[in-house]
Amino acid sequence: MGDSYRLQNPHQDGPPDSMNGAAAGSPLATEAAAHHEHKKLPGRYCYSGAGRYLNRWVLRCKVTLTILWERPLLVAASLLVFGALCSAGLAAVLTAAALDVASTKDLAQHGIGSQVAASLKQALKTSCVGAELLGAVVVQMPNCSSLDTAWDSITTDIMSRVDPAVVQQLELDVAAVIWKAFPPFGPGLEFLYGRDLLKEPDDRPGVLYSLRERRTLIMGPYTCKAGFKCAFTVTPLFLPAPSAEYDWGCGFQPYNCTDLCWDPVHKTKYWGQVSTMLNLDPFFSRTDERLVMLAGRGYDYKLWQANTSFSNPYVLFANTTADLKDPVVQEIQIENLVWYLEIAPEAGWVPRWRAPCLAAVVVGAALVSLLVLWLLVSKEQHNRLLRAMLPRKVIQQLQNGEQAIAEHFDSVTILFSDIVGYTTVASQLTPFEVVTLLNELFSVFDELTQRNGVYKVETIGDALMCVAGCPVPEDAALNAKRIARMALDMVNAVQQFRPSLEGVQGVQIRVGIHSGPIVAGVVGKKMPRYCLFGDTVNTCSRMESTSEPMKIQVSASTAALLRSLPGDDVLLEPRGLIAIKGKGSLETFFLKEAHPASIVSARSDSVTMIVSRPVRSVTVIRQQSRSHRSLRAGTPTRSLLELFSQATTGGGGGWTAGGGSSSCGSGGGGGECRGDDAGGSGSSRRVLAGRGGMSTKAAAVVGGVSISATLEPAAASASASPQSSPQQTSEQLTMP
């Protein structure tokens with residue numbers, strides 16, 4: 001064995017000579033040897049703190065991925081939760097955002113937008129007041145001589161009533177001939193006086209348009225010579241006249257417009273028109289308080305004129321951006337003029353909180369779905385652990401709150417097996433190697449239990465106990481058949497089993513089978529176990545203990561059940577009467593394969609596949625003892641024995657427990673514990689502890705069940721002195 005020096009020759013390949021200089025068994029030598037042994041452990045078992053956590057995390061990830069692969073409905077459920085949460089959350093956020101957009105648009109439409117549009121409309125109306133006042137004066141005194149006399153006083157009064165920054169000039173055109181202007185035309189423009197607008201090709205269409213409309217019109221905008229955008233208000237005047245040639249003493253007649261300028265029915269004639277020139281720049285400048293208010297409240301805007309006639313083309317007056325997205329539109333209409341004001345928030349109508357809320361909904365839904373997935377995986381892990389320990393029916397009963405769980409079964413078939421020469425083999429191995437060996441072997445047996453449909457009750461050290469017909473009752477003969485197939489497969493698997501440990505050769509097992517009634521139930525409240533009780537259990541244990549290596553001993557009751565089945569699947573070889581402790585002489589049989597060679601070969605191949613599957617390795621986590629601070633994590637067995645031999649002055653004890661009762665004794669020379677087979681599903685083991693000796697135990701999960709291996713010092717010889725060195729004491733590995 002690779003580590004046999006620790007069991008047979010402590011000095012072989014031991015610590016350096018400097019360590020051997022310390023007194024044998026002293027704490028200094030013990031700690032030095034412990035440190036030396038710890039360094040010799042395989043690298044995968046000497047984890048640092050970070051490495052250990054990383055290894056655990058990797059293992060958990062592997063287990064989680066395995067569960068998700070085997071149970072895709074868990075992923076589907078979490079995705080369903082994610083979709084439901086996302087749908088509900090996104091719908092709520094989008095609905096709230098849509099309501100906010102509608103509210104914001106309504107505020108812009110009927111709030112600030114309506115206010116600005118109304119202000120612009122009122123300003124335009126005020127700009128037309130000058131023309132209305134001058135027209136009212138002409139209606140009152142249409143005679144040109146009277147108008148000429150009072151012209152200066154009339155125009156001065158009118159200009160004082162209007163905004164001079166907007167109303168730039170008043171003009172009076174008699175019979176469409178420019179007659180008066182205030183302020184007068186400046187130098188270079190005097191030629192405009194006496195200009196007949198009906199005779200000018202460029203002006204005639206506008207005059208005729210006003211004659212047809214017979215209402216105040218606003219024409220433009222144009223670019224005036226002064227450099228600003230200007231527009232003209234034109235108000236045609238129709239006054240009562242006795243005839244078409246009547247001129248009110250002005251001496252002007254409309255040119256070529258008899259059909260439009262004279263109304264013979266109502267006896268009215270076109271007197272002329274009153275116009276004003278308006279400066280539109282104050283309406284569009286960025287200093288205008290209306291547009292400043294829009295920009296100050298975070299709105300982009302666009303003010304433009306619709307194309308309503310040849311005198312009113314499309315014109316873009318002012319805008320803050322080239323393209324407004326989904327703006328609200330306000331119409332500003334006065335006389336023939338139609339303007340539109342479009343406004344939209346600079347950041348858009350969508351509230352700023354929508355995107356973060358949508359992201360929060362998605363992230364929150366993802367986190368909740370991951371939490372649900374984690375809970376489902378954790379529950380599945382929990383359920384798998386429970387199902388590995390207890391039957392499904394018993395789990396349901398415990399979850400329903402039932403306290404005492406026990407059930408009688410009329411006929412079940414039980415199988416017991418153990419390893420031949422296990423004590424000898426274990427004495428040559430370290431506890432870790434024992435656990436590794438049992439893990440590899442029992443993992444194969446676990447596969448066979450699933451394959452043959454039998455229930456594994458427990459493992460006790462190297463012993464395995466299985467049952468058919470419990471916890472779900474079935475036909476007694478079929479129970480016996482399944483256990484028989486299980487036993488044959490176990491023997492076949494052990495024949496092909498090759499441990500991974502160096503130096504460990506093939507393993508042999510004994511198998512015993514018996515059929516009969518039992519009572520099965522859950523024992524204990526803490527770490528409850530599903531156990532079988534009754535004489536059938538004891539008899540099956542005797543069948544195993546009196547069997548031979550690599551053979552299957554069957555009781556007469558099981559043999560009768562197997563013979564009752566049609567066909568000759570198995571062969572029962574009579575063994576005769578065998579003395580059974582507590583039973584007397586019983587007739588037993590050896591079970592053998594009776595199938596044709598081809599069928600046996602095919603079944604053997606399937607067992608070979610199970611044996612050749614990789615087995616999960618055993619990981620040992622060594623922890624420092626709290627009672628001895630001088631010990632380090634990972635102290636090997638030899639150092640522990642030496643240290644405790646130094647610490648104790650006498651007396652020793654050992655213990656083990658089976659499924660039934662247990663008893664322990666201690667004394668100066670050693671102690672003995674044994675479990676009595678009192679109708680339970682346990683087995684007995686004997687452990688001896690030498691004087692001053694203590695036991696070292698390695699524990700692990702083997703085949704889904706927790707097992708432990710105990711390294712015990714053997715009893716000291718009768719001539720050994722109490723002060724003998726621990727190095728003179730042989731060590732023996734036993735299993736509880």
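Could you tell me whether LEU120 is open to solvent by less than 20 Å² (accessible area, probe 1.4 Å) and either of a type outside the set (S, T, N, Q) or assigned to a helix (DSSP H, G or I) (or both)? Before the answer, list the steps.
Values: open to solvent by less than 20 Å² (accessible area, probe 1.4 Å): yes; either of a type outside the set (S, T, N, Q) or assigned to a helix (DSSP H, G or I) (or both): yes.
When the stated conditions are applied, LEU120 passes them.
Condition (residue is in a strand (DSSP E or B) and hydroxyl-bearing (Ser, Thr, Tyr)) applied to the stretch 495-516: is it met by at least one residue?
yes
In the stretch 346-369, what residues are touching a residue at least 60 places away in the same chain (Cβ under 8 Å), open to solvent by 50 Å² or more (accessible area, probe 1.4 Å) and not hydrophobic (A, V, I, L, M, F, W, C)?
Across the stretch 346-369, the qualifying residue is only ARG354.
Among the residues of the stretch 321-345 satisfying the criterion of being open to solvent by 50 Å² or more (accessible area, probe 1.4 Å) and not in a strand (DSSP E or B), which is nearest to SER285 (Cα to Cα)?
ALA322
Taking into account only those residues within the stretch 451-473 that are crowded, with 19+ Cβ neighbours inside 10 Å and free of Cβ contacts under 8 Å to residues at least 40 places away in the same chain, which is farthest from ILE414 (Cα to Cα)?
Among residues in the stretch 451-473 that are crowded, with 19+ Cβ neighbours inside 10 Å and free of Cβ contacts under 8 Å to residues at least 40 places away in the same chain, the one farthest from ILE414 (Cα to Cα) is ASN452.
Conditions tested, residue by residue: (1) of a type in the set (S, T, N, Q); (2) closer than 17 Å to LEU197 by Cβ.
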position	(1), (2)
ARG212	no, yes
MET219	no, yes
PRO236	no, yes
GLN253	yes, yes
ASP263	no, no
LYS267	no, no
LEU280	no, no
GLU289	no, no
LEU303	no, no
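Can you tell me which residues in the stretch 286-320 are touching a residue at least 12 places away in the same chain (Cβ under 8 Å) and part of a loop (DSSP other than H, G, I, E, B)?
ARG286, ARG297, GLY298, ALA306, THR308, PHE310, SER311, THR320
Since CYS86 meets every condition but one in (1) closer than 25 Å to VAL362 by Cβ; (2) open to solvent by 40 Å² or more (accessible area, probe 1.4 Å), which condition does it not meet?
Going through (1) closer than 25 Å to VAL362 by Cβ; (2) open to solvent by 40 Å² or more (accessible area, probe 1.4 Å) one by one, CYS86 breaks only (2).
For residues that are part of a strand (DSSP E or B) and under 12 Å from LEU390 (Cα atoms), scanning just the stretch 519-531, find the one that is most open to solvent (accessible area, probe 1.4 Å).
ARG529
Quick check on my filter: what residues within the stretch 179-224 are without any contact (Cβ under 8 Å) to a residue 12 or more places away in the chain, farther than 18 Å from PRO164 by Cα and open to solvent by 70 Å² or more (accessible area, probe 1.4 Å)?
Correct list: PRO187, GLU190, PHE191, PRO201, ASP202, TYR222, THR223.
Residues in the stretch 386-405: is at least one in contact (Cβ under 8 Å) with a residue 60 or more places away in the chain, small (Gly, Ala, Ser) and over 28 Å from ALA487 (Cα atoms)?
There is at least one residue in the stretch 386-405 that is in contact (Cβ under 8 Å) with a residue 60 or more places away in the chain, small (Gly, Ala, Ser) and over 28 Å from ALA487 (Cα atoms).
Going by what's in this entry, would ASN400 be described as at pLDDT 90 or above and within 42 Å of the chain's Cα centre (by Cα)?
In short, no.
Contact list please: Cβ distance under 7 Å, first residue in the stretch 233-257 and farther than 30 Å from GLN168 by Cβ and free of Cβ contacts under 8 Å to residues at least 60 places away in the same chain, second residue outside any loop (DSSP other than H, G, I, E, B) and of a type outside the set (Gly, Ala, Ser), pairs at least six apart or on different chains.
PRO240/THR268; ALA241/THR268; ALA241/LYS269; ALA244/THR258; ALA244/TRP262; ALA244/LYS269; TYR246/LYS269
Does the stretch 399-417 hold any residues that are in a strand (DSSP E or B) and open to solvent by 20 Å² or more (accessible area, probe 1.4 Å), and which are they?
ALA406, GLU407, HIS408, ASP410, SER411
The values are calculated or read from the model by the stated rules, or taken from the named source; none is laboratory data. Since the structure is predicted, the reported quantities are computational estimates derived from the model, not experimental observations. Reconstructed Cβ throughout: ideal geometry from the backbone, glycine too, with neighbour counts over all protein chains shown. Just the protein is used for accessible areas: all its heavy atoms, side chains included, with ligands, DNA and RNA removed. Shrake-Rupley method; radii C 1.70, N 1.55, O 1.52, S 1.80 Å.
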